[in-house]
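Read-outs throughout are calculated quantities, based only on the coordinates presented, and are distinct from any laboratory measurement. Keep in mind the model is a prediction, meaning the values are calculated, not measured. With ideal geometry, Cβ positions are generated from the backbone for all residues, glycine too; neighbour counts draw on all protein chains shown.
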Amino acid sequence: MAPIISVRALEKTYSGGFQALKSVSLDIEEGEVFALLGPNGAGKTTLISAICGLVIPTSGAISIGGYDTQDQFREARRLVGLVPQEMPTAPFEKVRDQVEFSRGLFGLPRNDALVEQILKDLTLWDKKDNPIMALSGGMKRRLLVAKALAHEPKVLFLDEPTAGVDVELRHDMWRVVEKLKDKGVTIILTTHYIEEAEEMADRVGVINKGEIILVENKNALMQKLGAKHLTLDLSEPLAEVPETLASYDLELTEEGTKLVYRYDTQSDRTGITALLGSLSEAGIRFNDLHTNQSSLEDIFVGLVKEKA
């Protein structure tokens, strides 16, 4: 099956000479949740804006649902819902009217039942007759999502959808994403909250300095790049790691009360058995030990540093 979004050799250079995108190629499959991660200024918003037709690329090609975004803009744009980081809205307009207006912009007939369901899913139904100016910041963010869903898009872009909002709204957004995914909607998410990507994404793409440096299945990425940490709670604090243990590359933390050993989950041998033997020979005792896997945030930070 052809990808629902296909980007080929996309470049964008602004008039001042800054190159925001450098030969970006990317396929996004229908029905998946794709998380696009990258530091500030990496090109995330420029890439999304180019796909949605808000920014004209310098070169390259984009198709959505088989429609070329340059030659068949209306057909391609009809398939897309965009939730930007910020959007000016008429402060005196009522919530429901704004959602219905967004649907009408795409030439679609009125659908009261659909609008009601969207507002209920986003906990906005009791605010339906309120003017937008009376909404809290979190409620305004929900309204942006409702407006993006009004024309029943096949693809939904969420550009930093929960930046600066409370944890409750963030979790509400996760639930909405799950519902949309169940309906077959393709979701592309950019976020600074790595736990959002870890919670929701099927695949992860990392962009840095305008280039895609990695695209990978989330679980495979975490398995492949996610080192495990063995932490030992020492019986007595150490001032430094003994020279006899230097080959294990141990890290002494929390004022010498913990030793951290990192090992490769893909290796045939973890080295833990040898380490424990060496600790015993060195006369180092511990009260407890536990392991944990690197988070997606750890992996992301490591990738960006590596490509810097």
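Laid out as a table, the results:
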item: Region 49-56 - phi-based ³J(HN,Hα) in whole Hz, Karplus 6.51/-1.76/1.60, Gly and Pro as x; result: 4, 5, 5, 7, x, 8, 10, 8
item: Rounded tilt (10° steps) of 112-121 against the dominant C-alpha axis of the chain; result: 20 degrees
item: Cα gyration tensor category, rounded, prolate or oblate, for region 103-160 with a/c compared to 1.5; result: oblate
item: Interchain or long-range residues, amide H under 5 Å from GLY41's placed H; result: none
item: Hz values of 3J(HN,Hα) by residue in region 238-252 - Karplus curve (6.51, -1.76, 1.60), Gly and Pro given as x; result: 10, 7, 7, 6, x, 4, 5, 10, 4, 5, 8, 6, 7, 10, 9
item: Sorted by Cβ density within 10 Å, fewest first, the residues HIS171, HIS229, HIS151, HIS290; result: HIS290, HIS171, HIS229, HIS151
item: Between helix 95-104 and the chain: long-axis angle, C-alpha atoms, 0 to 90°, nearest 10; result: 70 degrees
item: Amide H partners (placed H, <5 Å) of PHE157, local residues excluded; result: GLY81, LEU82, VAL83, ILE188
item: Amide proton proximity set for LEU21, modelled H, under 5 Å, gap of 5+; result: LYS12
item: Cross-link pairs beyond the 28 Å C-alpha cut-off, checked among LYS140/LYS218; LYS12/LYS94; LYS44/LYS218; result: LYS140/LYS218; LYS12/LYS94
item: Pairs of alpha carbons in the chain whose separation is greater than 33 Å (percent); result: 39 percent
item: For the chain, built as a Gaussian network whose Cα springs stay under 10 Å, the top-fluctuating residue of PHE18, PHE34, PHE73; result: PHE18
item: Degrees between helix 167-182 axis and first principal axis of the chain (Cα, 0 to 90, nearest 10); result: 70 degrees
